[in-house]
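The values are calculated or read from the model by the stated rules, or taken from the named source; none is laboratory data. Since the structure is predicted, the reported quantities are computational estimates derived from the model, not experimental observations. Cβ: placed from backbone, ideal geometry, glycine included. Neighbour counts: every protein chain shown. Just so you know, the surface numbers come from the protein's heavy atoms only, side chains and all, with ligands and any DNA or RNA stripped out. Shrake-Rupley method; radii C 1.70, N 1.55, O 1.52, S 1.80 Å.
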Protein chains: 4
Amino acid sequence: MIIVLKPDCTAAQVKSFTDSLTEEYKVKVNTWVGTHSTVLGLIGDTSVIDIEYIAAQDVVDSVKRVQEPYKKANRKFHPDNTVITLPGGQKIGDGNLCIMAGPCSVETEEQICYVAERVKAAGAQFLRGGAFKPRTSPYAFQGLHASGLELLRKAREHTGLPIVTEIMSTAHLPLFEDVDIIQVGARNMQNFELLKELGKLRKPILLKRGLANTIEETLMSAEYIMAGGNEQVILCERGIRTYETYTRNTLDISAVPIFKKLSHLPVIVDPSHASGIASLVEPLAMAAVAAGADGLMIEVHNNPAKALSDGAQSLTPDQFDHVAKRVFAAAKVLKEDM
Amino acid sequence: MIIVLKPDCTAAQVKSFTDSLTEEYKVKVNTWVGTHSTVLGLIGDTSVIDIEYIAAQDVVDSVKRVQEPYKKANRKFHPDNTVITLPGGQKIGDGNLCIMAGPCSVETEEQICYVAERVKAAGAQFLRGGAFKPRTSPYAFQGLHASGLELLRKAREHTGLPIVTEIMSTAHLPLFEDVDIIQVGARNMQNFELLKELGKLRKPILLKRGLANTIEETLMSAEYIMAGGNEQVILCERGIRTYETYTRNTLDISAVPIFKKLSHLPVIVDPSHASGIASLVEPLAMAAVAAGADGLMIEVHNNPAKALSDGAQSLTPDQFDHVAKRVFAAAKVLKEDM
Amino acid sequence: MIIVLKPDCTAAQVKSFTDSLTEEYKVKVNTWVGTHSTVLGLIGDTSVIDIEYIAAQDVVDSVKRVQEPYKKANRKFHPDNTVITLPGGQKIGDGNLCIMAGPCSVETEEQICYVAERVKAAGAQFLRGGAFKPRTSPYAFQGLHASGLELLRKAREHTGLPIVTEIMSTAHLPLFEDVDIIQVGARNMQNFELLKELGKLRKPILLKRGLANTIEETLMSAEYIMAGGNEQVILCERGIRTYETYTRNTLDISAVPIFKKLSHLPVIVDPSHASGIASLVEPLAMAAVAAGADGLMIEVHNNPAKALSDGAQSLTPDQFDHVAKRVFAAAKVLKEDM
Amino acid sequence: MIIVLKPDCTAAQVKSFTDSLTEEYKVKVNTWVGTHSTVLGLIGDTSVIDIEYIAAQDVVDSVKRVQEPYKKANRKFHPDNTVITLPGGQKIGDGNLCIMAGPCSVETEEQICYVAERVKAAGAQFLRGGAFKPRTSPYAFQGLHASGLELLRKAREHTGLPIVTEIMSTAHLPLFEDVDIIQVGARNMQNFELLKELGKLRKPILLKRGLANTIEETLMSAEYIMAGGNEQVILCERGIRTYETYTRNTLDISAVPIFKKLSHLPVIVDPSHASGIASLVEPLAMAAVAAGADGLMIEVHNNPAKALSDGAQSLTPDQFDHVAKRVFAAAKVLKEDM
């Protein structure tokens, strides 16, 4: 951490501030006195230092981190890719493309079992489906809740696909005991109380990047879960909010190689939510694979026009067959090629 | 609601779609057949219709709302300003300027009581202070939790000021029974499970606009609380995320007159979080008052350089005296003038 | 165009407004009277109607376009892809991947000739290089101007590669007579006087999307050039400005399939400017190809650390060899596959 | 300027890089060797150093400016406010509120003279009006050009109000010789060739902040003009592009106190373009004055519904009377109060 002090600091002020840093944080402080300003360099573990606290000090002009503020999610300290293995043997992050597919909302047993069969046949290794749905309007369909989770379990029995589904409150945790991968939605990425509870579990957490969160903030939210001891975190880029209105969100494709560079965690992409438009799912899924994503999360519905949520971005099973064929082919070629 | 159908729809498709709308939503549908496309106009209560569901239909090209999707928060149905009155007689939204002031985090009894005295002396009618702090880093100070709430109660006893403090999880609700105004922070504005629980209470909720949420989404979150029966919602503009990095967020000052136009709820502004810079609090507070805000929320700390959070944006009690004097003077003149 | 009138319009107002529309724009107006409001549907060529003018009318509540406001750039009226063929036979938009590569700034004859040779050897079909450089600071290197263009011509003679270079002012047009493809930079995308002059030429124009311009605005700027009679426009996605600071800009990869859907013009991607980081050029170039781009524009410099501009995002010739090999291989596979 | 070197730099690399900095930029370099990385501090005039050039060096990890990259626009070197005085004695930046008002587009002699009379009567000291209009669509009204300027001159003769009007191309400069204040529109804020030409003049330039430009970039564009010797620059905040769609742009009210802090130049606000909605002009104008703006630019049209451009955001003369009365009253009180 580099701290630039204000030009008019006295030597006594510099000393007093330097001493306080040494004491409070057990860091070594190097002082460099320039013509206009004094610069301090902190050596040691600065990830525990609150940069805003430092910035608030009277004597401080500005602060710059040299080290990232996350440790457990940081590739520097874990150079190898994390591979998450489910009890059934499915792997995420081992160099193969994993696909999580299914409807936005679980609606009926027939629906979820049919979609599960179809996505499995197309090559998806995981079934996604929402039982608790975050909706902007209190008057919109909010999901089937416990009975939706029950239907997901039936579809799992039926097909053997592990299930991925979103949690919206710590109060619902008991219902999620049997869920294979728990998803944290974009709107809850900084619901820190929820993250802390998920850190106590020992099962994979799919963490979606928030609507307007930075790459660093996303890694800090992963750090929340990992700090609790649960190191099975999967990062998911799902589009960010920008001024462009043609798509629902703007897929930040650069986030894929950046997450891979900064962190050892697996990275997947959700082209369905990123665009909100079914016809864009294929090109965005292809782009994600080409950019190095470890997996995809894609919405598939037996009858998108009758979907209780997000129909406009859902693929039909036939459309998904086509997309899956193309992305697996591309992943194979790209892997050989690297 | 205006629905533009795709150019190639058959008459049978139009009829089938129109019939389904009439049945499902009990609305009247007017059909207008143009040269290129057919347009439908829906009459009745369309606030319960999920616009995305409509957009997902095969026959639909695009949809446009004419009515807003919120009802209880809508000024059209409640032309008079809502005035929230606390048991102690304090009012929000009655045309007078209300100020909520205090430290970002509650730290010690001395601190909170001293700040409470000082902000009361300067004219603040409410004491703010955080006991549960949403922090980006798991390694940063997270607040004193239950004991922080206890200290706030002591400061209330000491000064008579009602207290405003943030809740982060439904699990903490029992601790907040005695809190006068419960704050929902920006990161939780779309924590819908939390909003639903707050809708069951009968006490004022201060709802902060999310980091990257629209004005309409903010009103929809207010609607979540109000739909549960709790109509005491205070809207708070606290800056939105943009590309500009000089300030922590960009205060969307236009939101003040827009919220006032679209809704009957009181609107306050938090210039401290909006800018993240203490020296900007005064001009932004002045701007908020001039734009028609009903109140302000301002961070004041006895010793900002030693604040455990957000010191860079906190005013000292002396600085707050000055700001309070200016904003009350401006509010008085502006009120006479209108 | 659908126009929703204000609820309190009188029949006389509706008639008077409708008559004025019919007269001024030679459109047919269908009127649909609802319970709360009257809706007008305009039939005919509405692309010449100024939507803001309509929105400003006293009787108008809101307006919605059904037709896009661009015609010449619109795929609806030109279903086939535009293929741009240069005098030397190079084609853009014919289904093959075209690559424009070279340094940000032309610096010396040795530099530009060497880079031209290297990028040609790697498969690039066009040489890019800046002679007029838009720089944020007046104190930064502004390019070699006329002598830079002269050096580009020498490199063209040397290698046979057509040259692509940016124009910054109509005053420089005479210097660009011999340039093969004239580039309009992101900062000039809405320099309408420049666009009008380029519309009078009969040579390809590479139009970069502005820093914060929408997809529709980009197509409207293409329309400016095409309205003047020059239909050889190449669209270039180069990243947009968002709140994320890790990359210089955020590559809007979705823009590639959207531009291809809405328009018949060729679409290329500039991963160098989109990220500002050399190590991201490869994954973003791969993503662009996978998303369906017709080409790439990539910065290559003999010695990035000594580049007079944009060194941080430039590849060395060796790095470019690798990227070119991978993107050509991917393009080949993806083409077979489609 | 603080430069953090990569952890694995050798002593020889550090020395070689340090030497090159000393030679090229005539700065003194202080070297501080930490445990993990070496940090360099540059002393001297670093405003001429291209930060991107430094960042591109192999040995460099990151760079941080301590000094701002602008000099002539910088308050540090010019502590007193710049006051711009027109030949007719009107002043901008002397502590009084100046208002520039008039129609978006000049349309007819009657229109511009009538509006000029009315805004003068209401207290405006300058007449604004567009003769060259930047329009998104090539099919929209582009202004009356030379004859529009002629009409502005007539209105000036008629009322004595100096005129403010936008230039869109260096090619039009001869037509602007007689214009009192030349406006650079948001879309041309980084049209550097235009800025350079305006730097050669000796008359006030009103520089509008670009649609998606930062505060620092705006000051750098002012620096372009000032570097040419023309120090009469007026900064204008007119709203930035964000994800919020209710308003056309988002007025960045914080920019007012920040511009005043960083620079000595006068700062005005354009609430008409910032919102695009006539009813928001008053609250935003009030907010601008309260935040410390030196002036306002407001669109006024004799008949907004018939305005050839921007009618939706124009005030009628009667509405402007009311706004002017309120803002002058507020400015008077606020001035006394400070």
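Springs between alpha-carbon atoms under 10 Å, Gaussian network over chain C: tell me which of C:250, C:170, C:316 tops the mean-square fluctuations.
Top of the fluctuation ranking is C:170.
Using 20 Å as the cut-off for backbone N distance, which residues of the stretch B:22-66 belong to the label zone defined by a point 7 Å from the Cα of residue C:45 along Cα→Cβ?
Only B:35-37 fall inside the zone, counting backbone N under 20 Å.
What angle do you read, to the nearest 10 degrees and between 0 and 90, between the alpha-carbon axis of helix A:317-337 and the longest principal axis of chain A?
Its long axis makes an angle of about 50 degrees.
Carbon and sulfur: what percent of the protein assembly as shown's accessible surface (1.4 Å probe)? Present the calculation step by step, with values, prior to reporting the outcome.
Values: 23820 of 45070 Å².
Summing carbon and sulfur atoms, their accessible area is 53 percent of the total for the protein assembly as shown.
Would you mind checking which residues have amide H under 5 Å from residue D:263's amide H? H placed 1.01 Å from N; only 5 or more apart, or other chain.
Here D:75 satisfy the definition.
Under 16 Å from a label point 7 Å along Cα→Cβ of residue C:86: give me every residue in the stretch C:184-228 with its amide N that close.
C:184, C:202-207
By DSSP, what percent of the beta bridges with both residues in chain A are antiparallel, rounded to the nearest 5? Before the final figure, lay out each step's value.
Details: 17 of 44 bridges.
Approximately 40 percent, going by the DSSP bridge assignments.
With a sphere of radius 10 Å drawn around the Cβ of residue B:271, what net charge do the other residues whose Cβ falls strictly inside it have (Lys, Arg +1; Asp, Glu -1)?
Working: positive: B:238; negative: B:237, B:270, B:282, B:299.
Once positives and negatives cancel, what remains is -3.
Can you grab the distance from the C-alpha centre of the stretch C:232-280 to the C-alpha centre of the stretch D:126-156, Å, no decimals?
The stretch C:232-280 and the stretch D:126-156 have Cα centres spaced 34 Å from each other.
In the neighborhood of residue D:8, defined by Cβ-to-Cβ distances under 15 Å, what is the net charge if each Lys or Arg adds +1 and each Asp or Glu adds -1? The partial results should precede the final answer.
Working: positive: A:76, D:6; negative: D:58, D:61.
Around residue D:8, the surrounding residues sum to 0.
Looking only at the protein assembly as shown, where both bridge partners belong to it, what percent of the DSSP beta bridges are antiparallel (to the nearest 5)? Walk me through the intermediate numbers first.
Working: 70 of 178 bridges.
The answer is about 40 percent antiparallel.
Residues of the stretch B:150-171 with amide nitrogen under 17 Å from the 7 Å Cα-to-Cβ point of residue B:328?
Only B:159-162 pass the distance filter.
Lys/Arg Cβ at +1, Asp/Glu Cβ at -1, dipole of chain C taken about the Cα centre: which of C:92, C:210, C:308 is farthest positive-ward?
Checking the options against the dipole of chain C, the answer is C:92.
Using a simple spin-label model with points 7 Å from Cα along the Cα→Cβ vector, what separation in nm is obtained for residue A:200 and residue B:200?
The modelled label-to-label distance comes out at 2.1 nm.
Roughly how big is chain A's charge dipole about its Cα centre, with Cβ charges of +1 (Lys, Arg) and -1 (Asp, Glu), in debye to the nearest 20? If you can, show how the numbers build up before the last one.
Working: 36 positive and 40 negative charges, 72 e Å.
Here the size comes out at about 340 debye.
If I fit a long axis through the Cα atoms of helix D:146-159 and take the longest principal axis of the Cα atoms of chain D, what angle between them do I get, 0 to 90°, rounded to 10?
70
Count the DSSP beta bridges whose two residues both fall in the stretch B:195-288, then state the antiparallel fraction as a percent rounded to the nearest 5.
DSSP beta bridges in the stretch B:195-288 are roughly 10 percent antiparallel.
From other protein chains only, count the Cβ atoms within 10 Å of every residue's Cβ in D:182-191, then give the mean.
On the way: counts 0, 0, 0, 1, 1, 8, 6, 1, 10, 9.
Mean number of neighbouring Cβ atoms from other chains: 4.
What size of dipole, in debye to the nearest 20, comes out for the protein assembly as shown about its Cα centre when the only charges are +1 on Lys and Arg C-beta atoms and -1 on Asp and Glu C-beta atoms? Show your work: numbers first, answer last.
Numbers: 144 positive and 160 negative charges, 1 e Å.
Dipole of the protein assembly as shown, to the nearest 20 debye: 0 debye.
Average partner chain C-beta neighbours within 10 Å, per residue of A:138-149? Don't skip to the answer; put the middle values down first.
On the way: counts 15, 12, 8, 2, 3, 0, 0, 0, 0, 0, 0, 0.
For peptide A:138-149, the averaged partner shielding equals 3.
So which residues in the stretch C:4-34 end up with at least 30 square angstrom less accessible surface once the other protein chains are there, compared with the chain by itself, probe 1.4 angstrom?
Listed in order, they are C:4, C:30, C:32.
Solvent-accessible area of residue D:336, probe 1.4 Å, all protein chains present, reported in Å² to the nearest ten, please.
Accessible surface of residue D:336 is approximately 130 Å².
Quick one: which bits of the stretch D:43-70 get at least 40 Å² less accessible when the partner protein chains are in, versus the chain alone, with a 1.4 Å probe?
Residues shielded by partner chains are D:43, D:50, D:52, D:53, D:56, D:64, D:66.
If amide hydrogens are placed 1.01 Å from N in the peptide plane, which non-local residues have theirs closer than 5 Å to the one on residue A:62?
A:4
Taking only Cα atoms, what is the 0 to 90° angle, nearest 10, from helix A:278-290's long axis to the longest principal axis of chain A?
50
Counting residues in the stretch C:76-232 as N, plug N into 2.2 N^0.38 Å and put the Cα Rg over that result. It would help to have the intermediate numbers written out before the result.
Working: Rg = 15.5 Å, N = 157, 2.2 N^0.38 = 15.0 Å.
With N residues counted in the stretch C:76-232, Rg over 2.2 N^0.38 Å equals 1.03.
Just the accessible area per residue of the stretch A:17-174, please: how many Å² with a 1.4 Å probe?
Details: 6220 Å² over 158 residues.
The answer is 39 Å² per residue.
Each residue of the stretch A:183-200 in turn: what ³J(HN,Hα) in whole Hz from Karplus with 6.51, -1.76, 1.60 and θ = phi - 60°, glycine and Pro shown as x?
Using θ = phi - 60°, the values come out as 9, 9, x, 4, 6, 9, 4, 10, 7, 5, 5, 5, 4, 4, 5, 5, x, 7 Hz.
Order the following by accessible area, largest value first: B:294, B:8. Probe radius 1.4 Å; ligands, DNA and RNA are ignored. Walk me through the intermediate numbers first.
Details: B:294 15, B:8 120 Å².
Ranking B:294, B:8 by accessible area, largest first, yields B:8, B:294.
Leaving out ligands, DNA and RNA but keeping every protein chain, what accessible area does residue A:65 have, in Å² rounded to the nearest 10, with a 1.4 Å probe?
For residue A:65, the solvent-accessible surface is approximately 50 Å².
Let me have the 222 nm mean residue ellipticity of chain B computed from DSSP H runs of 4+ only, each contributing -39500 (n - 2.57), with the sum over all residues rounded to the nearest 500. Kindly include the intermediate steps, with their values, before the conclusion.
Values: 10 runs with 115 residues, N = 338.
Helix-only estimate at 222 nm: -10500 deg cm²/dmol.
With a 1.4 Å probe, what is the total accessible area buried between chains A and C, in Å² rounded to the nearest 100?
Details: alone 15580 and 15600 Å², together 28220 Å².
So the total buried area for this chain pair works out to about 3000 Å².
Do you know which residues of the stretch B:279-301 lose at least 30 square angstrom of accessible area in the protein assembly compared with their chain on its own, with a 1.4 angstrom probe?
B:280, B:283, B:284, B:286, B:287, B:290
What fraction of the Cα pairs in the stretch D:2-107, stated in percent, has a spacing above 21 angstrom? Mind dumping the intermediate values first?
On the way: 2975 of 5565 pairs.
I get 53 percent for the Cα pairs in the stretch D:2-107 exceeding 21 Å.
Rolling a 1.4 Å sphere over the protein heavy atoms, what is the accessible area per residue of the stretch B:280-330, to the nearest Å²? Don't skip to the end; give the middle numbers.
Working: 1280 Å² over 51 residues.
Here the per-residue accessible area is 25 Å².
Among A:76/A:325; C:133/D:261; A:6/A:26; A:208/B:64; B:64/C:261, which pairs are too far apart, with a Cα-Cα distance over 26 Å? Present the calculation step by step, with values, prior to reporting the outcome.
Details: A:76/A:325 35 Å; C:133/D:261 30 Å; A:6/A:26 23 Å; A:208/B:64 29 Å; B:64/C:261 22 Å.
Over 26 Å apart, Cα to Cα: A:76/A:325; C:133/D:261; A:208/B:64.
With +1 assigned to the C-beta of every Lys and Arg and -1 to the C-beta of every Asp and Glu, and no other charges, what is the dipole magnitude of the stretch B:92-156 about the Cα centre in debye, to the nearest 20? Write down the numbers at each step before the final one.
Values: 8 positive and 6 negative charges, 22 e Å.
The dipole of the stretch B:92-156 has a size of about 100 debye.
Which of rounded, prolate, oblate describes the stretch D:99-143, given a ≥ b ≥ c as roots of the alpha-carbon gyration tensor eigenvalues and a/c under 1.5 marking rounded, otherwise prolate only if a/b is larger than b/c? Each step should come with its number before you reach the end.
Working: a/c = 4.07, a/b = 2.12, b/c = 1.92.
Prolate shape, in that a/c is at least 1.5 and a/b is the bigger ratio.
Given a 10 angstrom Cα cut-off, can you work out which residue in C:161, C:175, C:219 is the most mobile in a GNM of chain C?
C:175
Rounded to whole Å, give me the distance from the Cα center of the stretch C:12-79 to that of the stretch B:16-32.
After rounding, the separation between the Cα centres reads 25 Å.
Using a Gaussian network model of chain C with C-alpha springs under 10 Å, which one of C:150, C:23, C:231 is most mobile by mean-square fluctuation?
C:23
Tell me the label-point distance for the pair residue B:62, residue C:8, using the 7 Å Cα-to-Cβ offset, in nm and rounded to one decimal.
Reported label-point gap for residue B:62 and residue C:8 is 2.9 nm.
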